[in-house]
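Below is one structure; the comments refer to it alone.
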Amino acid sequence: MAQIPKALTLVRQRAPKAQGKPADSSPIARVLVDTGVFHLDQEFDFLVPEELSEIAKPGVSVRVPFNGRKCDGFVVGRANSSAHVGRMQYIDKVNNEKALLTSSILTLSRVIAKKYAGNIMDVLRFAIPSSVNTVKDVICSHSDFKPINSEIIKHYPESYMDSLKRGEASHVIWTPLPATDPYELMAEFCKIRNGNMLILVPDSKNVDRCLQVFLSSGIGKNISTWSSELTKSQRYANYLQILEGNVQIVIGVRGTVFLPIPDLSLIIVWDEGNENYSEIRTPGWHAREVAIERTKQEGCALILGSFSPSLIATKYLFAGNLKPLNPEREIFKAFAPKFNGISELSSPDQRGRISTKAWKTIQRGLLNGPVLIQVPLRGYIRSLMCQKCANHARCQCGGKLIIASIKKNIICGLCGVFQSDWQCPYCAGRTFRHSAIGDERTLEEIGKAFPGISIRNSNQSTMILDEVEGQCIVLSTPGSEPRAKNGYSAIVFLDSRIFLERASVNAEEQARLNWFSVSALAAKNADVFLDVVSSDPNFQALLRWDPWHSASRDLMERSALQLPPQFKAISVIGPHADIHKMAIEFSKNYLVSSLQSTDDVYLSKIILRAADLQGQSLADEVLNYCRVRSAHGLPSLKVRVDPIEL
């Protein structure tokens, strides 16, 4: 049977867009194009059609043809001529007529991209919000001005307050007094200082509390906020208000540091060592470092604040880049709480997870007000061990066995399989001991010991946001501690060794930051108990309320061991063969660690290190190395400069 031929169909083709006439004035636009290709991190020249000439201004977002597709970008300049040879493409359209990118933010983004061996467009994603068609919600607060509260600032040098008033661009590291609210003093700084100010805090919870303190203090200026709690429309509306100069104070999280605040006079970074300031996405910048670069660029004042300074801030202090802003030592002693630790592990009253000393501290504290108990872990029982041989109890898949809830069912923490008949592969034992107790199990124990006392639990999922008062016990995980109205009458730290035993170089630094910050919530002369040996140097720093001595000691140790922040460190993750080749090449001029395993069995990791003077050269070489790989079509490498896990 003869085949019937198929009917012919027309193939639709889009006719090429008619090229318009170039603009009469400055027909060339230099566009920073978001190509998505790592090594094409540069400006490209495009023709500006006459109909777009008035709106295609520097700073606006445009769409341009690039390699057969449409890409977004930002106009960074206009010119009358171009060095481009050959046919030049026209700008397709202007996405937003409002110039969202300022020259100062562009310059800052270039510096940060170079510092962190990244692409400038990756930095601009954090600096420029997504635009919306309609702007309805503008979140801006204002309060009437109140006179400066001399009681709050009286313990600090008058010379610094005078320098703030004169508008000097001083850079300081500030250690507040314990049993005081640092946001109250920050509000007084903003009253004294003229001009626009930027306030960085670790998370959205602190954004809300800082705003309330500022409003009650009577700043007398327009205040805007910036956090993940805002909707897309609110973020864009706030951005426009800030860009137009209608806001004098901006309070926000780490991304706030890129906002285009005109005539910036002061930047305050509170809790500058907090890990929330480190961006987990590429290129992995740190808000403190961006703030420092911005103060250099704009010539404004800088205040880095923390109850326990980070090692990087300590390094800047010793280098003379920062000056200390502290009250006198005698004043610290008057405000600091009374600390108790473990003096002798074999003593009967100090055995067990919750020792007799801890129970007595809680009992005495309840006589005068609320008591705070901090537990490092969430959940019920986070790890089980064999009662006979003390090996970790594991599932067949390799995951640790845990008790997930009060129902006391034993499951695998990795695959979630219920374990009904477990037997130790080492000694054939069938009984368990608890090795990592979470806040839910601790809540049970505290509730049985103090019947009739109100007990509140605060963690990341059920955080207490209001101030605590009256006779009660607050059980909290790190970072979720609520404030007490008149300070806690007692604070107890349980399982404190977990902080010190973390497998990271900065374990002691983060432990100090946690202990000092939480202890500062106590009332004057309140009791604070830590279940660590009293001879521990970090506990001794608490006794003296002197975080600087311990930070200085750690900094000297890092120098001897050639570790950050005394040495620049860059972690690189990629395929085994590529990482091995890179390690051989960079070992000629820099310190290179051996290949390390990662969670992905196909990837390896190395740590590159260089002396501080060679730090930027190392970052530049890594950046060029990645660009060459991108140009040859090789898989990209994950690069992190100054990784916080170190």
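The values are calculated or read from the model by the stated rules, or taken from the named source; none is laboratory data. The structure displayed is predicted, hence computed values, not measured ones. FYI the Cβ positions are ideal-geometry reconstructions off the backbone, even for glycines, and counts take in every protein chain you see.
How many residues, within the range 166-208, are without any contact (Cβ under 8 Å) to a residue 60 or more places away in the chain, surrounded by 19 or more Cβ atoms within 10 Å (Cβ to Cβ) and within 20 Å of Pro478 (Cβ to Cβ)?
Selection size over the range 166-208: 1.
Scan the range 393-415 residue by residue and report those that are under 35 Å from the mean Cα position of the chain (by Cα), surrounded by fewer than 12 Cβ atoms within 10 Å (Cβ to Cβ) and within 29 Å of Thr462 (Cβ to Cβ).
Within the range 393-415, Ile406, Cys415 qualify.
Anything in the range 477-498 that is surrounded by 21 or more Cβ atoms within 10 Å (Cβ to Cβ) and outside any loop (DSSP other than H, G, I, E, B)? List them, or say none.
Within the range 477-498, Ala484, Tyr488, Ser489, Ala490, Ile491, Val492, Phe493 qualify.
Have a look at Ala551, Ala611, Ala560, Ala569 and point out the one that is more than 30 Å from Asp536 (Cα to Cα) and of a type in the set (Gly, Ala, Ser).
Just a single option satisfies the conditions, and that option is Ala611.
Could you give me the residue pairs with C-beta distances under 9 Å whose first residue belongs to the range 289-300 and is among the polar types (S, T, N, Q), whose second residue is assigned to a helix (DSSP H, G or I) wherever it lies, and which are 6+ apart or on separate chains?
Gln297/Ser104; Gln297/Thr107; Gln297/Leu108; Gln297/Val111
Just for the range 93-127: of the residues that are in contact (Cβ under 8 Å) with a residue 60 or more places away in the chain and in contact with a Lys or Arg (Cβ under 7 Å, 6 or more places away or on another chain), which one is farthest from Val622 (Cα to Cα)?
If we take residues in the range 93-127 being in contact (Cβ under 8 Å) with a residue 60 or more places away in the chain and in contact with a Lys or Arg (Cβ under 7 Å, 6 or more places away or on another chain), then Leu108 is farthest from Val622 (Cα to Cα).
As an exercise: evaluate Arg110 against (1) surrounded by fewer than 19 Cβ atoms within 10 Å (Cβ to Cβ); (2) touching a Gly at 6+ places or on another chain (Cβ under 6 Å); (3) of a type in the set (D, E, K, R) and give the number of the one condition it does not meet.
(2)
Among the residues in the range 555-572, are any touching a residue at least 40 places away in the same chain (Cβ under 8 Å) and farther than 30 Å from Ser308 by Cβ?
Yes, the range 555-572 has at least one match.
Looking only at the range 446-464, count how many residues are loosely packed, with under 13 Cβ neighbours inside 10 Å and under 18 Å from Arg378 (Cα atoms).
Residues meeting the conditions: 3.
Need pairs with beta-carbon distance below 9 Å; first residue under 26 Å from Gly369 (Cβ atoms) and within the range 429-454, second hydroxyl-bearing (Ser, Thr, Tyr) and surrounded by fewer than 18 Cβ atoms within 10 Å (Cβ to Cβ); sequence gap 6+ or separate chains.
Qualifying pairs under 9 Å: Glu440/Ser405.
Determine, yes or no, whether Val253 is under 22 Å from the mean Cα position of the chain (by Cα), of a type in the set (A, V, I, L, M) and crowded, with 23+ Cβ neighbours inside 10 Å.
In short, no.
When you scan the range 80-96, do you find a residue that is more than 22 Å from Val123 (Cβ to Cβ), of a type outside the set (Ser, Thr, Tyr), modelled with pLDDT of 90 or more and within 37 Å of the chain's Cα centre (by Cα), even just one?
There is at least one residue in the range 80-96 that is more than 22 Å from Val123 (Cβ to Cβ), of a type outside the set (Ser, Thr, Tyr), modelled with pLDDT of 90 or more and within 37 Å of the chain's Cα centre (by Cα).
For the range 365-384, give me the residue count where each residue is of a type in the set (A, V, I, L, M) and either without any contact (Cβ under 8 Å) to a residue 40 or more places away in the chain or surrounded by fewer than 19 Cβ atoms within 10 Å (Cβ to Cβ) (or both).
2
Of all residues in the range 131-165 being assigned to a loop (DSSP other than H, G, I, E, B) and aliphatic (A, V, I, L, M), which is surrounded by the most Cβ atoms within 10 Å (Cβ to Cβ)?
Result: Ile139.
Within the range 81-104, does at least one residue satisfy the condition of being touching a helix residue (DSSP H, G or I) at 6+ places or on another chain (Cβ under 9 Å) and assigned to a helix (DSSP H, G or I)?
yes
Please tell me if Gly615 is within 30 Å of Ala551 (Cβ to Cβ), touching a residue at least 24 places away in the same chain (Cβ under 8 Å) and not assigned by TED's automatic domain parsing to the domain that holds Lys315.
yes
For the range 327-342, enumerate the residues that are surrounded by 14 or more Cβ atoms within 10 Å (Cβ to Cβ) and either of a type in the set (S, T, N, Q) or assigned to a helix (DSSP H, G or I) (or both).
Ile331, Phe332, Ala334, Phe335, Asn340
For Thr225, are the conditions met, namely being assigned to a helix (DSSP H, G or I), in contact (Cβ under 8 Å) with a residue 40 or more places away in the chain and under 20 Å from Leu101 (Cα atoms)?
Spelling it out, it is not the case that Thr225 is assigned to a helix (DSSP H, G or I), in contact (Cβ under 8 Å) with a residue 40 or more places away in the chain and under 20 Å from Leu101 (Cα atoms).
Report whether or not Val257 is part of a strand (DSSP E or B), at pLDDT 95 or above, touching a helix residue (DSSP H, G or I) at 6+ places or on another chain (Cβ under 6 Å) and in the same structural domain as Pro147 (by TED's automatic domain parsing).
Against the criterion (part of a strand (DSSP E or B), at pLDDT 95 or above, touching a helix residue (DSSP H, G or I) at 6+ places or on another chain (Cβ under 6 Å) and in the same structural domain as Pro147 (by TED's automatic domain parsing)), Val257 does not qualify.
For the range 270-288, check the following and say yes or no: at least one residue is part of a strand (DSSP E or B), in the same structural domain as Pro176 (by TED's automatic domain parsing) and under 19 Å from Leu185 (Cβ atoms).
The answer is yes; a qualifying residue exists.
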